[in-house]
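Read the structure below first, then the notes.
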Amino acid sequence: MQQLQFEEKWDKTLSNQDRRKIEEVFDETKDQNDSELDPVTLWHANNHKDELLVTALLHNRNDEAFKLSDIHLVYKTLDEPIAEKDFDIPRLEIPPKTSMPWTFIFPNIKVDDPTLGVLSIT
């Protein structure tokens with residue numbers, strides 16, 4: 001059975017409002033897909049450096065832990081890529097049958113459109 005887990009720093013600093021939103025999306029999406037790693041976009045924003053911050057709930061439905069090492073992510077809306085980047089976060093490991101939120105930073109990308117995009121692993 002899929003369970004929700006927060007990385008230690010997230011667990012300590014996450015606002016109650018954001019935690020409720022993540023829990024709500026987890027409940028709605030935990031059983032929706034059969035793919036082994038399924039990112040579900042929660043929100044996106046730009047920071048003061050004009051970096052695009054995309055926060056997603058990562059569902060690892062596999063029977064093995066998933067390390068975010070050498071993965072390529074694409075963030076797009078209506079099949080139009082907005083941002084893409086290779087990520088290597090070896091310290092982040094999502095245990096089997098576990099979902100975990102994470103924020104990915106895409107440098108030099110400004111998005112004014114509030115419409116959520118889709119984050120995909122290629």
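Kindly indicate which of LEU68, LEU53 is farther than 15 Å from ILE121 by Cα, surrounded by 12 or more Cβ atoms within 10 Å (Cβ to Cβ) and of a type in the set (A, V, I, L, M, F, W, C). Spell out how you get there, then give the answer.
Numbers: LEU68 fails: farther than 15 Å from ILE121 by Cα.
Matching residue, one of LEU68, LEU53: LEU53.
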Within segment 81-122, tally of residues that are basic (Lys, Arg), under 21 Å from GLU36 (Cβ atoms) and part of a loop (DSSP other than H, G, I, E, B): 1
Would you please list the contacts, defined by Cβ atoms under 8 Å and residues six or more apart or on different chains, that run from a residue in segment 32-59 that is among the hydroxyl-bearing types (Ser, Thr, Tyr) to a residue that is at pLDDT below 95 and not in a strand (DSSP E or B)? SER35/ARG61; THR41/LEU116; THR41/GLY117
Only one of these conditions is not met by TRP102: (1) closer than 17 Å to PHE6 by Cβ; (2) out of contact with any helix residue (DSSP H, G or I) (no Cβ under 9 Å at 6 or more places or on another chain); (3) in contact (Cβ under 8 Å) with a residue 60 or more places away in the chain; (4) among the hydrophobic types (A, V, I, L, M, F, W, C). Which number is it? (2)
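The values are calculated or read from the model by the stated rules, or taken from the named source; none is laboratory data. These numbers were taken from a predicted model, which means no experiment stands behind them. All Cβ positions, glycine included, derive from the backbone under ideal geometry; neighbour counts span all protein chains shown.
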